[in-house]
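**Student:** Right, I'll just put the structure down here and ask away after.
The values are calculated or read from the model by the stated rules, or taken from the named source; none is laboratory data. These numbers come from a predicted model, not from an experiment. Here the Cβ positions follow ideal geometry from the backbone for every residue, glycine too, while neighbour counts run over all protein chains shown.
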Ligand code: ATP
Ligand code: MG
């Protein structure tokens, strides 16, 4: 086969592919607020959510972020995004479970944090809400799952919500529009590398 033949075959294949993709794109006409769930044991859940924060801000949208598990205030994402007046950033954990070892204190912290999230979920001026590490509060039953899912379901119709954390429940996955499971293939931590600024925090 000559180079010309190969070029022509490639062109034909790409034309067919373009027809199929264009047809799929023309069928997707809905516009509405989406619920995304980023779960699984692999790295990339929160950092993907913060990637969407950057995208949303680039489009001039208002963003709310609730970080439920973290007590640390030294993350690069918080330092960076807090400079943007379009973001309301809330660190709502005070170190759960293995730090506090106090279930009733954890529940009180979770409830206080959830009140902040609920306010965002009823504010149509907030176009993207990130509920980072929310899944743990559901799996430890610190928050009532039905109550949480109902608040997400009743949010303003154009508001996007991103939930991150391992072990997303079937009910949360069922409610979501887009679900991604990060698979842990390899992580530097297991080779003895400590969390690196810019990559892990
Ligand atoms: P990231 O914030 O980097 O996107 P994540 O949100 O998917 O990670 P978390 O379970 O929230 O994962 O963990 C946050 C921290 O733990 C990050 O520093 C991350 O690099 C690290 N981490 C994530 N997955 C793993 C893993 N499988 N093994 C060890 N450390 C991990
Ligand atoms: Mg995370």
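**Student:** Are any of the residues in segment 29-38 more than 22 Å from the chain's Cα centre (by Cα) and away from ligand 2 (no atom under 16 Å from the Cβ)?
**Tutor:** The answer is yes, given that some residue of segment 29-38 is more than 22 Å from the chain's Cα centre (by Cα) and away from ligand 2 (no atom under 16 Å from the Cβ).
**Student:** If you don't mind, there's one more thing I want to ask. Would you point out which residue out of 143, 131, 138 is farther than 25 Å from residue 51 by Cα, at pLDDT 95 or above and under 20 Å from the mean Cα position of the chain (by Cα)?
**Tutor:** Checking each option against the conditions leaves just 143.
**Student:** Still on this model: Could you say whether any residue in segment 177-195 is within 16 Å of ligand 2 (Cβ to nearest atom), in contact with a strand residue (DSSP E or B) (Cβ under 6 Å, 6 or more places away or on another chain) and within 20 Å of residue 56 (Cα to Cα)?
**Tutor:** Yes: one or more hits.
**Student:** Next up: I'm trying to understand the selection: among the residues of segment 134-160, which are touching a strand residue (DSSP E or B) at 6+ places or on another chain (Cβ under 6 Å) and within 16 Å of ligand 2 (Cβ to nearest atom)?
**Tutor:** 134, the sole residue that qualifies.
**Student:** Would you confirm, using the coordinates I've provided, whether residue 85 is more than 16 Å from ligand 2 (Cβ to nearest atom), closer than 15 Å to residue 53 by Cα and assigned to a loop (DSSP other than H, G, I, E, B)?
**Tutor:** yes
**Student:** Against the condition in a loop (DSSP other than H, G, I, E, B) and more than 30 Å from residue 117 (Cβ to Cβ), how does residue 29 come out, does it pass?
**Tutor:** Yes: the conditions hold for residue 29.
**Student:** Shifting gears a bit: Condition test on residue 90, is it modelled with pLDDT of 90 or more, surrounded by 14 or more Cβ atoms within 10 Å (Cβ to Cβ) and away from ligand 1 (no atom under 16 Å from the Cβ)?
**Tutor:** yes
**Student:** (1) closer than 30 Å to residue 106 by Cα; (2) away from ligand 1 (no atom under 15 Å from the Cβ): which one isn't true of residue 36, the others all being true?
**Tutor:** Checking residue 36 against (1) closer than 30 Å to residue 106 by Cα; (2) away from ligand 1 (no atom under 15 Å from the Cβ), the one that fails is (2).
**Student:** Next question, about the same structure. Do the conditions hold for residue 50, that is, is it more than 10 Å from ligand 1 (Cβ to nearest atom) and in contact with a helix residue (DSSP H, G or I) (Cβ under 6 Å, 6 or more places away or on another chain)?
**Tutor:** Spelling it out, it is not the case that residue 50 is more than 10 Å from ligand 1 (Cβ to nearest atom) and in contact with a helix residue (DSSP H, G or I) (Cβ under 6 Å, 6 or more places away or on another chain).
**Student:** Filter segment 45-76 down to residues that are within 13 Å of ligand 2 (Cβ to nearest atom), surrounded by fewer than 19 Cβ atoms within 10 Å (Cβ to Cβ) and in a helix (DSSP H, G or I), then give me how many there are.
**Tutor:** Total meeting the criteria: 3.
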